[in-house]
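The values are calculated or read from the model by the stated rules, or taken from the named source; none is laboratory data. Everything numeric in this text was worked out from a predicted model, so none of it was measured. As a convention, Cβ positions derive from the backbone with ideal geometry for all residues, glycine included, and neighbour counts pool all protein chains shown. Ligands, DNA and RNA are excluded from the accessible area calculation, which covers all protein heavy atoms including side chains. Shrake-Rupley method; radii C 1.70, N 1.55, O 1.52, S 1.80 Å.
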Amino acid sequence: MNVVEATEFQRKFGQTTERVAHDGERIVVQRHGRPQFAVIPFADLEMLEELEDQVDLEAVRERLRAERGKKRVTWEAIKKRHGI
């Protein structure tokens, strides 16, 4: 993964994006020595989003397992209890 300063990224925007798009390079853009953002190939973004979806799905499944057997209160019961 290469790191470039924001000013260099601005000057060489076209070249830099070509390296990402065609060579699959990942580039971190920094300002004053601190990372600000990354430019990554679209395939990497798709993979990251798929991984996030898998993590979210597992969290939902875990929550559903934890909720099994617990007493549930219906919306109608809540309204009745509070006189709504």
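Overall, the chain carries a charge dipole of about 1020 debye about its Cα centre when +1 sits on the Cβ of Lys and Arg and -1 on the Cβ of Asp and Glu, all other atoms neutral. Take every DSSP beta bridge whose two residues both sit in the chain; close to 55 percent of them are antiparallel. For log10 I(q)/I(0) by the Debye sum over Cα atoms at q = 0.15, 0.22 Å⁻¹, one of (1) -0.73, -1.23; (2) -0.67, -1.14; (3) -0.70, -1.01 was computed from the structure I shared and the rest are decoys. Which label? Only one listed value fits the structure, namely (3).
Phi angles across region 68-83 convert, under the Karplus curve 6.51 cos²θ - 1.76 cosθ + 1.60 with θ = phi - 60°, into 3J(HN,Hα) values of 4, x, 7, 5, 10, 10, 7, 5, 4, 5, 5, 4, 4, 4, 9, x Hz, Gly and Pro given as x. For the chain, lysine pairs separated by 8 or more sequence positions, or belonging to different chains, with Cα-Cα distances below 26 Å total 4.
Over the chain, accessible surface divided per residue gives 87 Å², non-protein components excluded, 1.4 Å probe. Amide H contacts for GLN30 (H built 1.01 Å from N in the peptide plane; partners 5 or more residues away or on another chain; cut-off under 5 Å): VAL4, GLU5, ALA6, GLN36.
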